[in-house]
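Encoded as structure tokens, the structure appears first; notes follow it.
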Amino acid sequence: MVEFNDIHKRFDNNDVLTGINLSIQKGRTTAILGPNGSGKTTLIKILLGMNHANKGEIFVDESNIKNNWSYRKYIDYLPQIANFPGNIKVKEIIAMIKDLRSQPTRDEELIEYFELTPYLNIKLSHLSGGYKQKVNLVLSLMFNSPFIILDEPTSGLDPVSLIKLKDLLKKEQANGKTILITSHIMSFVEEISDHISFILDGKVYFDGSIEELKSTTEETNFEYAIANLLKNHHA
Amino acid sequence: MLKILKYSFFDLVRSRWSYVYFLFYLLLSSVLLFLNNNISNAIITLLNVVIVLVPLIGTIFGVMYYYDSQEFTQLLLAQPIKRKSIFMGQFLGVATSLSLSVLLGLGIPFALYGLFQSNVIFDFLILIVVAVFLSFIFSALAFNIALSNTNKIKGFGYAILLWLFLAVIYDGAFLIALIYFQEYPLDKFTLIATLFNPIDLSRILILLKLDISALLGYTGAIFKDFFGTLFGSLVSFGVLVIWVVLPLWRMVRQAKRKDF
């Protein structure tokens, strides 16, 4: 589905990615993990064409994404930090994005699911962080695309909403969608992902299933297995 | 692109600053008309205001709008929309709303005063055309500056400097050069130097149209000789068009390369 070939990215004098090779398989849920500042968001932004790689190529469904934008029609992307224009209302921003993409949507269903109906007429700058994240989720998931990218989807969500999000994602998995997530909540990652790609020092340090990770690190607990990866690296 | 243009345009039309800008021109031209009691004189006075104010507001508004809508831009960048459409749409939104403020602010009082019955309608039209050109040129330059500077303070600083340079410093340097090299034939040099500054070019276009180039003396004669002909007008409008197209071309190139 998605193929990263030797992706390099440098910001000023900071080498963030130094040769990422990764493939994301169709119909599976892949989690990209790594310490803070390891370049997870940068990698996603390069995939979406928001950042440009200094070197390397990305293929989405076997076609190179360079100078191409139409592949984004089939991607639902949830950005990490929900930065919205503050002076417009929740329903206005939903209508705006719907109008801009002119693709079929399921916004009403999602608004109800995340209990946003009473907030539709409130300005985005007056929403709490958790509700902003819910708006963010509605905006990105409403197009029902076959490929979903979620950058820290859990940030700001309360336990009830978190369970709702997990249930929703499980439904999407059952529908055969490809999901790419980054998160620091290990229990969330363990519960919903099939595949782990651990990025360290700009390279893919581990790539495999959760079971493989546990057996290579000889840990039974997922969280400890990840910590073990980091520890062994620094030792 | 048209949808982005629509949103940017309505976003700006709803903003308080567009009204302030519009009301300022409305007030200014009404006062000038009723005090002067003469459309031609009012146009000349307005010329001096328009030529300085339109570039200033264009640069400030352009930079301000770009930085203000960064969040919205981020949101748009993740959508299946071409980068070119996003930035062209936003630019056109700013430029058209500014032009509209000038057009209506100047147009309404003049129309009420009986512009359409007078014989200076073409003089007025050229004033409007120049104001529209300047709005487009300076908002395009502002977008260039804002795209190249992530730091807002720096962006604003460069924008003000650019305006100061083209509106004030350029003329000063130009004058010093003329005095310093007065022994030499300078007609070609003056003509070419004028083309490099859209503010100067606009001023001369209007002055010549108003037929007060006699005030310009010797240079005026040369200008009249050049700009007065069809060829001269075509060249000067062509240069104004280049002043719009070049910054836009750079803006699109810059936008395509930038990391967001």
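The values are calculated or read from the model by the stated rules, or taken from the named source; none is laboratory data. Small disclaimer: the values here were computed from a predicted structure and weren't measured. Backbone-built Cβ (ideal geometry, glycine too); neighbour counts: all protein chains shown. Protein only, heavy atoms only, side chains kept; ligands, DNA and RNA dropped before computing areas. Shrake-Rupley method; radii C 1.70, N 1.55, O 1.52, S 1.80 Å.
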Note to self: I need two numbers for segment A:54-106: Rg to one decimal and Dmax as a whole number, Cα atoms only, in Å.
What the structure shows: 14.8, 41
Check: Taking Cα atoms, how many degrees apart are the long axis of helix A:159-174 and the longest axis of chain A, rounded to 10 and kept between 0 and 90?
Finding: 70 degrees
Item checked: Two-site FRET efficiency, B:N36 against A:E62, from Cβ-Cβ distance with R₀ of 56 Å, rounded to 0.05 -> 0.20
Item checked: Spatial separation of Cα centroids for segment B:44-81 and segment A:87-125, in angstrom -> 28 Å
Check: Measuring from label point to label point, each 7 Å out along Cα→Cβ, what is the B:L161 to B:N48 span in nm?
Finding: 3.0 nm
Next item on the list: Return the subset of A:K66/A:K170; A:K123/B:K6; A:K132/B:K82; A:K166/B:K3; A:K66/B:K82 for which the Cα-Cα distance in this structure is over 24 Å, preserving the input order.
Entry: A:K66/A:K170; A:K132/B:K82; A:K166/B:K3
Checklist line | Length added when fully stretched, A:D167-A:E115, from 0.36 nm per residue minus Cα-Cα | finding: 17.2 nm
Notebook entry, point to check: Which lysines does B:K154 reach when only Cα atoms under 21 Å apart count, and residues fewer than 8 places away in its own chain are ignored?
Noted result: B:K258
Next item on the list: Might you tell me the accessible area per residue for chain B, computed with a 1.4 Å probe and given in Å²?
Entry: 48 Å²
Note to self: Tell me whether chain B comes out rounded, prolate or oblate; compute the Cα gyration tensor, take square roots of the eigenvalues as a ≥ b ≥ c, and use a/c under 1.5 as the rounded threshold.
What the structure shows: oblate
Next item on the list: Enter the angle in degrees (range 0 to 90, nearest 10) between the Cα long axis of helix B:83-113 and the first principal axis of the Cα atoms of chain B, meaning the one along which they spread out most.
Entry: 40 degrees
Next item on the list: Find the sum over both chains of the accessible area lost when A and B are paired, probe 1.4 Å, and report it in Å² to the nearest 100.
Entry: 2200 Å²
Notebook entry, point to check: Angle, helix A:90-101 long axis vs. longest principal axis of chain A, Cα atoms, 0 to 90°, nearest 10?
Noted result: 70 degrees
Note to self: List the residues, sorted by chain then number, that are 5 or more residues from A:V16 or on another chain and whose placed amide H is less than 5 Å from its amide H.
What the structure shows: A:K9, A:R10, A:F11
Note to self: With n ≥ 4 as the cut-off for DSSP H runs, can you work out [θ] at 222 nm for chain B, using -39500 (n - 2.57) per run divided by the number of residues, rounded to the nearest 500?
What the structure shows: -28000 deg cm²/dmol
Item checked: Label-point separation, B:V20 to A:S128 (7 Å along Cα→Cβ), nm -> 3.6 nm
Note to self: Need the per-residue list for segment B:73-116: every residue with at least 40 Å² less accessible surface in the complex of protein chains than in the chain by itself, probe 1.4 Å, sorted by number.
What the structure shows: B:L75, B:A78, B:Q79, B:P80, B:I81, B:K82, B:R83
Notebook entry, point to check: At a 1.4 Å probe, what is the % contribution of carbon and sulfur to the accessible area of the protein assembly as shown?
Noted result: 60 percent
Checklist line | Convex hull volume per residue for the protein assembly as shown, taking Cα atoms only, in Å³ | finding: 180 Å³
Next item on the list: Would you be so kind as to identify which of A:S140, A:G56, A:I185 lies farthest towards the positive end of the dipole of the protein assembly as shown, taking Lys and Arg as +1 and Asp and Glu as -1 on Cβ and the Cα centre as origin?
Entry: A:S140
